[in-house]
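Notes to accompany the following structure.
Bear in mind that the values in this text are calculations on the coordinates, not laboratory data. This one's a predicted model, so the numbers in the text were calculated from it and none came from an experiment. We place every Cβ from the backbone using ideal geometry, glycine too, and count neighbours over all the protein chains shown.
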Amino acid sequence: MDVDSGPSAAPLAEEAVLGLLLPFWQLVIGAFVLVVVVLSVGRLARRGPSRMTTALVVTAAAIAGFALVGVLLQG
């Protein structure tokens, strides 16, 4: 019985470590996105209601578009 634990063992360990780090990096990216969104909403709110309405309409259209693309790609 020949057990080969040479070159194939290292990539498996690297994949396991990356698998553990992936949720952490998603959390970091999500935190940065949240900070940017909060800052931009504050800036829009200071600019007045007309710009805020336009921003909300554009954002709603973008969300609807991404949702539609996601549904179409799943089917």
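Quick notes
- Figure legend: label point modelled 7 angstrom from the Cα of T54 along Cα→Cβ; residues of segment 21-45 with amide N under 16 Å from it are 41, 43-45.
- Note on Q26 and F66: their simple-model spin labels are 1.4 nm apart, each label 7 Å out from Cα toward Cβ.
- 3J(HN,Hα) along segment 25-33, derived from phi through the Karplus expression 6.51 cos²θ - 1.76 cosθ + 1.60 where θ = phi - 60°, amounts to 5, 5, 5, 5, 5, x, 5, 5, 5 Hz, with x in place of Gly and Pro.
- Considering all C-alpha pairs of segment 9-74, those separated by over 16 Å amount to 69%.
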